[in-house]
Amino acid sequence: MKRLDLHLHTTFSDGSLPPAEVIKLAQHANVTALAITDHDTVDGIPEALSAGREVGIEIIPGIEISSRWRGAEVHILGYFIDWMDAGLQERLAQYRATRDDRNPRIVEKLNELGIDITYAEVAALAGPASVGRPHIARVLMNKHYVTSAKEAFDRYLADGAAACVPRDLPDPAEAITVIHAAGGVPVLAHPSWLDRSEGIVPLCKELKSAGLAGIEVHYSTHRPEQTSHYLNVAKQLDLLVTGGSDFHGVTKPDIEVGLGRGQLKVPENLLEPLRQAAKTS
Ligand code: AMP
Ligand code: ZN
Ligand code: FE
Ligand code: FE
């Protein structure tokens, strides 16, 4: 069954496979079009475009920008961005710089907890990538301090955990503006991460007035009732519907390209409305 996958990470941020490998997996999963949405970087897009051309899969240039709203992390996806836009690249470089500031401090906190890792080990594993906590998780796994990325996050890296260091983040309205300025379509990622007591509607309304165009209704961890709830929210607020796996490779080993945990099915007909929205962005 043909499908889309509009949320994928590669070795250019905190995924464990290069774009060409991700695209091979997408081909096996009958994905006809996909978006590479690395955190705060567009560096993987040229490789993805040429690998996509080779196998006949459309590649949508994408991005995932982290922001903070009332203390919670809100991730904004951008689609059909002009990834060569100088203003976009400059802003993304600023966001990556806040990672370089935070990550060594996480390692220091781990050292204080008696864990013997160095920032050089994290940097070596990440290579030229936009460094994320999943890289630190992988070093902790490789050195047998934890047996999974989940354990690394639960014990040390998650917000509020023992070695957590908050990062300076823009507010979501800024992330949305940056995506629009690069001709892209801004979409709220994994709304279930934010769906607390007051529900997701107040956030979506506020972000829509800042220019949000869509919501990630289909997502690897969404149960059927969550998917239909977010579909209703999209209808109610006149937001576009998108979906993707949020594939990362080894740090989220239960999630497959195109298929999520096996039940993900992002319909092909979601792509054209997104493309049309990009034309007017
Ligand atoms: P950073 O962008 O460096 O702040 O790291 C956040 C990233 O870590 C998220 O985008 C997820 O990809 C990943 N992440 C967060 N929580 C977990 C978890 N429990 N297990 C695996 N990966 C996680
Ligand atoms: Zn990630
Ligand atoms: Fe995210
Ligand atoms: Fe993601």
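The values are calculated or read from the model by the stated rules, or taken from the named source; none is laboratory data. None of these values were measured; they are calculated from a predicted model. Because the Cβ atoms are built from the backbone with ideal geometry, glycine has one as well, and the counts that use them run over all protein chains shown. These accessible areas exclude ligands, DNA and RNA; they are computed on the full protein's heavy atoms, side chains included. Shrake-Rupley method; radii C 1.70, N 1.55, O 1.52, S 1.80 Å.
Taking the criterion of being open to solvent by less than 10 Å² (accessible area, probe 1.4 Å) and farther than 23 Å from Thr41 by Cβ, the only residue of segment 116-139 that qualifies is Ile117.
In the set (1) assigned by TED's automatic domain parsing to the domain that holds Ala33; (2) open to solvent by 50 Å² or more (accessible area, probe 1.4 Å), the condition left unmet by Gly244 is number (2). All told, Glu108 falls short of being modelled with pLDDT of 95 or more, surrounded by 15 or more Cβ atoms within 10 Å (Cβ to Cβ) and either in a helix (DSSP H, G or I) or of a type in the set (D, E, K, R) (or both). All of Ile45, Ile60 fail the test of being assigned by TED's automatic domain parsing to the domain that holds Ala181 and more than 24 Å from Arg133 (Cα to Cα), apart from Ile60. Candidates in segment 44-74 are the residues that are more than 30 Å from Arg167 (Cα to Cα) and free of Cβ contacts under 8 Å to residues at least 12 places away in the same chain; of these, the one that is most open to solvent (accessible area, probe 1.4 Å) is Arg53. Flag not set for Lys265, criterion: over 25 Å from Pro61 (Cβ atoms), out of contact with any Leu (no Cβ under 6 Å at 6 or more places or on another chain) and not aliphatic (A, V, I, L, M).
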